[in-house]
Amino acid sequence: MSDVLATFVARTSGSARRNQRARMVMPGGGTRTTTHHAPSPLTMARGEGPYLVDVDRNRYLDPRGDYTSLVHGNAYPPTSNWQRSFTCGVK
């Protein structure tokens with residue numbers, strides 16, 4: 001195993017575990033083939049402006065913006081606040 005791959009595997013064990021669970025109910029463990037890569041895709045926990053944070057707390061620059069659907073960045077405060085105004089108190 002290359003040093004780069006070994007580092008990736010060591011840093012992303014939470015994503016790997018979630019992918020294994022997802023594979024039990026979805027082919028390949030996901031619905032988007034463009035985000036799948038060996039040995040397992042990352043599982044993102046949240047977005048922070050131009051960054052994504054995975055479940056293992058690694059932070060990544062998100063240059064794609066989900067293929068331009070996120071033109072304001074991840075968790076853009078005005079958009080997030082607007083969404084919360086509709087979902088607060090809904091159970």
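Summary table
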{"read-out": "Per-region count, segment 35-59, residues polar (S, T, N, Q) and free of Cβ contacts under 8 Å to residues at least 24 places away in the same chain", "value": "1"}
{"read-out": "Unmet criterion (only one of (1) within 13 Å of the chain's Cα centre (by Cα); (2) more than 27 Å from T79 (Cα to Cα)) for R46", "value": "(2)"}
{"read-out": "Some residue of segment 17-31 being modelled with pLDDT under 90 and polar (S, T, N, Q)", "value": "yes"}
{"read-out": "Whichever residue in segment 67-91 is modelled with pLDDT of 70 or more and not in a helix (DSSP H, G or I) and, among such residues, is surrounded by the most Cβ atoms within 10 Å (Cβ to Cβ)", "value": "N74"}
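The values are calculated or read from the model by the stated rules, or taken from the named source; none is laboratory data. Quick caveat: nothing in here was measured; it's all calculated off a predicted structure. A quick note on method: Cβ atoms are made from the backbone with ideal geometry, for glycine too, and the neighbour counts reach across all protein chains shown.
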